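**Q** Dumping the structure here so I can ask a few things about it.
The values are calculated or read from the model by the stated rules, or taken from the named source; none is laboratory data. The structure presented is a predicted model; accordingly, all values stated were derived computationally and were not measured. Cβ placement follows ideal geometry from the backbone for every residue including glycine, while neighbour counts extend to all protein chains displayed.
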Amino acid sequence: MGFRREVQPIPLMDEAFGDPGSHGRAGDGEKQVSPVRESRLSALRRTDSVVQGGFSSSGRTTPTLLQRSNSMSADKLWSNSQQSGLSSPTTRSRQNAAFRTQAGPPPSPRSDLLSRPHSPVPRSPRALPPETSLPESGRGSPRFISLSSQSAFQQFTGGNTFSMKGRGRILKRGGTVFFVTLFLWFALNWWYLSSFQQSALQSLENLETPQADSVRQVGVVNRSSAVLYERMLALAAHELAENEFKPEPDVLWEEPTQNAITWLPCANQRAEDHIPPPPLEHMTGYIMINANGGLNQQRVAICNGVAVTRLLNASLVLPRFLFNSVWRDSSQFGDIYDEAYFMNHLKEDVRIVKELPLELQSLDLEAIEAVVTEIDVPKEAKPSFYLKHILPLLMEKQVVLFEGFGNRLAFDPVPFDIQRLRCRCNFHALKFVPKLLELGGLIVERMRDKHPRWGPNDDDFDAEENPHLSGTERIPIRSAKPVPKYLAVHMRFEMDMVAYSLCEFGGGETEKKELQAYRALHFPILAKLEQDGRLGTADVQRELGHCPLMPEESFLMLAALGFRRGTRILLAGAHMYGGEKKMTILKNLYPNIVTKEELLTPEELEPLRNHSSQLAVLDYLGCAMADAFAMTDSGSQLSSLVSGHRIYHGSGHRPTIRPNKKRLAAIFEHNATIEWSHFENRIRKMVAETKRIAARPISRSVYRHPRCLECMCKHEV
């Protein structure tokens, strides 16, 4: 090839640097031209060489005489930097600072971007000088340059003969068009999404079904998920219509009988060496109980009070019920339970009196410090606590008043006879008064009758002709039909439960403010903790399974289990949060849903008006005697007590559906895409796992899990 003169880089006129020849000479080791700038200049030289000259053997373009004469200063500076070799990052930064000091103020990023040349043939980074591997700080970053933008620029210009001023004008115009287009694109998307969200909210109002799942963002409710529940409800309605005349699964109306019938009730039996209560002169004192809460909390407090009375060898005064701002019921023990039956049934275990002796009635219990509150007694305290702390106080004061007393006695470890006494009290001694038993019996009877409320009914008997007879000798053969069955569902979705759960149910800001106001009025401590941010978010509560099931979720579960559309359903519970709107949605799936208010006449309900605990007794009886029972909140006291009652008295023939709310929450997360067959399989598998027959786990309630030797006796089949 022969000798070839090395081509020096040619600086480009820049609006920030001006004429590169006017900067003077640079010191030894300094860089006058940045690597990124050198790469742009090299690309431009190749472009100019196509028009004015050719390529040298090294691949660089041969500059013209005019370009060499205008770049004398740059040639010398480049040769100085070549002699100095590579420098450390610290040295390079100092050199850059020195160069910027000589060159004047730094260029603005926007002017540099608009004056950046574009090469039709981008050079590979490997072909640049070593210093170009580190881009100069303060200049436009190469990551903002894309091949697509270069190609678009080339197509737009249609050639490579534009001057630098023309190139900058065209690039500036192209950049403006690009940013305007990008802005319009974002604006269009924002408008589309906003209109879609507005139409979705309007659809929710028209459908009157505002319930929705919570999304995985703190404090945000997915308002469109109500529409997704509409999808699930539509699938459920279609499936119910198709299966109307198909047989139901056998497991709906029965338990795994083979294991269930091995447990039989025996809490009413006393041991041969049973010790009756001591005489009056050997009593340690009198125990009084003011039970709080509703019917079921009061029932637990009564049974625990009986057990503690037996443990301390004391006498029990008939419990009294505190007036609660939520329940607003003034009913007392004698209005709900048969006092005489209660006292007589437990006379072999504890001594029960209706009131204190006259000499103790005048005592100021607060003044003598004989009042024990729920704060004084730890939750689920062991028997040793009462023997150590309560017994000395009782013997000193002769009387102790327990205020509240909910869940203040542990289930393990407890002596065998004390545990059996708790079961005896709950399952045998607490008998409802006759008027409530009569109304409960009417509910059960009317759930199984031929009333027109259930729609068209056939006769009680099917008439069939005997095929072996002919003519006038044929007579109808009448075969008895089975008694209709009914399903009881305890829908724990009252206002107090919804507010106490701290969950969100798709009502948006209106629902949130309403529930906060309710908590501030009825649960001030809870409202204070919520205000201080010391409680978990609604999303966390739902993921952990702490939220009550919404009515839509509960009845979607029933449809997936296989209950037919014509199933008679008793909806137990107080007024459901959401009212008639919710009931309309549920009756679209199951038209034979009724409440106790619909089964009983106004005259029959009049004596119970404004007595929520007595009305709760009717729900308790209707659920306890149902052919199948479905609870929607495993933490509900009524559901727990009804479940235990059905286990104890059902002899394995009263199945109970106990959903796992944590697993249900995970299933309903996919309500927008899940197929009905997959949803059905997952629901049935979940419920089947809860129907396993097992003995009471350690420290679990004997009122809910009576399958233990203290309450029931196990027999071999």
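**Q** Identify, by number, the condition in (1) out of contact with any Asp or Glu (no Cβ under 6 Å at 6 or more places or on another chain); (2) surrounded by 21 or more Cβ atoms within 10 Å (Cβ to Cβ) that Gly566 doesn't meet.
**A** Condition (2) is where Gly566 drops out.
**Q** Considering only residues that are over 28 Å from Val300 (Cα atoms), of a type outside the set (S, T, N, Q) and not in a loop (DSSP other than H, G, I, E, B), which ones fall in the stretch 585-603?
**A** Selection gives Ile585, Leu586, Lys587, Leu589, Ile593, Val594, Glu598, Leu599, Pro602, Glu603.
**Q** Looking at Ala520, Ala574, which is the one that is surrounded by fewer than 21 Cβ atoms within 10 Å (Cβ to Cβ), among the aliphatic types (A, V, I, L, M) and farther than 23 Å from Glu598 by Cα? Don't jump to the end; show me each part of the working.
**A** Working: Ala574 fails: farther than 23 Å from Glu598 by Cα.
Exactly one of Ala520, Ala574 is surrounded by fewer than 21 Cβ atoms within 10 Å (Cβ to Cβ), among the aliphatic types (A, V, I, L, M) and farther than 23 Å from Glu598 by Cα, namely Ala520.
**Q** Please specify each residue of the stretch 346-368 satisfying the condition of being within 45 Å of the chain's Cα centre (by Cα) and surrounded by 14 or more Cβ atoms within 10 Å (Cβ to Cβ). If you could, list the steps in order and put the result at the bottom.
**A** So the first thing to find is which residues in the stretch 346-368 are within 45 Å of the chain's Cα centre (by Cα), and the list is 346, 366.
If the condition is that a residue be within 45 Å of the chain's Cα centre (by Cα) and surrounded by 14 or more Cβ atoms within 10 Å (Cβ to Cβ), then Leu346 is the only one that fits.
**Q** Any chance the stretch 412-419 includes a residue that's among the aromatic types (Phe, Trp, Tyr) and modelled with pLDDT under 95?
**A** In the first step, residues of the stretch 412-419 are kept if they are among the aromatic types (Phe, Trp, Tyr); the result is 416.
Cutting the leftovers down to modelled with pLDDT under 95 gives us none.
No; the residues of the stretch 412-419 include none that is among the aromatic types (Phe, Trp, Tyr) and modelled with pLDDT under 95.
**Q** Let me ask you something else. From the list Val308, Val371, pick out the single residue that is touching a Leu at 6+ places or on another chain (Cβ under 7 Å) and surrounded by 21 or more Cβ atoms within 10 Å (Cβ to Cβ). Walk me through how you get there before you give the answer.
**A** Details: Val371 fails: surrounded by 21 or more Cβ atoms within 10 Å (Cβ to Cβ).
Going through Val308, Val371 in turn, just one is touching a Leu at 6+ places or on another chain (Cβ under 7 Å) and surrounded by 21 or more Cβ atoms within 10 Å (Cβ to Cβ): Val308.
**Q** Return yes or no: is Arg707 in contact (Cβ under 8 Å) with a residue 40 or more places away in the chain, assigned to a loop (DSSP other than H, G, I, E, B), outside the structural domain of Asn407 (by TED's automatic domain parsing) and closer than 23 Å to Leu295 by Cβ? Spell out how you get there, then give the answer.
**A** Details: in contact (Cβ under 8 Å) with a residue 40 or more places away in the chain: yes; assigned to a loop (DSSP other than H, G, I, E, B): yes; outside the structural domain of Asn407 (by TED's automatic domain parsing): yes; closer than 23 Å to Leu295 by Cβ: no.
For Arg707, the condition - in contact (Cβ under 8 Å) with a residue 40 or more places away in the chain, assigned to a loop (DSSP other than H, G, I, E, B), outside the structural domain of Asn407 (by TED's automatic domain parsing) and closer than 23 Å to Leu295 by Cβ - is not met.
**Q** Mind checking which residues of the stretch 344-381 are among the basic types (Lys, Arg) and under 24 Å from Ala429 (Cα atoms)? Before the answer, list the steps.
**A** Taking the stretch 344-381 and keeping what is among the basic types (Lys, Arg), we get 347, 351, 354, 379.
Across the stretch 344-381, the qualifying residues are Lys347, Arg351, Lys354.
**Q** Among the listed residues Leu401, Leu391, Leu439, which satisfies the condition of being within 21 Å of Leu295 (Cβ to Cβ), in contact (Cβ under 8 Å) with a residue 24 or more places away in the chain and aliphatic (A, V, I, L, M)? Show your work before the answer.
**A** Details: Leu401 fails: within 21 Å of Leu295 (Cβ to Cβ); Leu391 fails: within 21 Å of Leu295 (Cβ to Cβ).
Going through Leu401, Leu391, Leu439 in turn, the sole match is Leu439.
**Q** Could you list all residues from the stretch 377-411 that are among the hydroxyl-bearing types (Ser, Thr, Tyr) and surrounded by fewer than 14 Cβ atoms within 10 Å (Cβ to Cβ)?
**A** Of the residues in the stretch 377-411, the ones among the hydroxyl-bearing types (Ser, Thr, Tyr) are 384, 386.
Hit for the stretch 377-411 is Ser384, nothing else.
Let's see how each residue does on (1) of a type in the set (D, E, K, R); (2) out of contact with any strand residue (DSSP E or B) (no Cβ under 9 Å at 6 or more places or on another chain):
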residue	(1), (2)
Lys528	yes, yes
Gln531	no, yes
Thr537	no, no
His546	no, yes
Ser554	no, no
Leu558	no, no
Gly562	no, yes
Arg565	yes, yes
Gly573	no, no
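**Q** Could you grab the pairs with beta carbons closer than 9 Å, sequence gap of 6+ or different chains, first residue in the stretch 233-261 and farther than 15 Å from Leu558 by Cβ, second one surrounded by fewer than 12 Cβ atoms within 10 Å (Cβ to Cβ)?
**A** Pro256/Arg692; Gln258/Val717; Asn259/Arg692; Asn259/Ala694; Asn259/Val717; Ile261/His715; Ile261/Val717
**Q** State which residue pairs qualify: first residue more than 18 Å from Ala626 (Cβ to Cβ) and inside the stretch 554-580, second residue β-branched (Val, Ile, Thr) in any location, beta carbons under 6 Å apart, and separation of 6 or more residues or different chains.
**A** Ala560/Ile683; Tyr577/Val498
**Q** Before we move on, is Leu365 in contact with a strand residue (DSSP E or B) (Cβ under 8 Å, 6 or more places away or on another chain) and among the aliphatic types (A, V, I, L, M)?
**A** yes
**Q** Continuing with this model, one more query. Pick from the stretch 616-633 the residues that are in a helix (DSSP H, G or I) and at pLDDT 95 or above: which of them is nearest to Gly573 (Cα to Cα)?
**A** Restricting attention to the stretch 616-633, the residues satisfying the condition of being in a helix (DSSP H, G or I) are 616-624.
Adding the requirement that they be at pLDDT 95 or above leaves 617-624.
Numbers: Val617: 10, Leu618: 10, Asp619: 7, Tyr620: 9, Leu621: 12, Gly622: 11, Cys623: 10, Ala624: 13 Å.
Applying the filter and picking the extreme gives Asp619.
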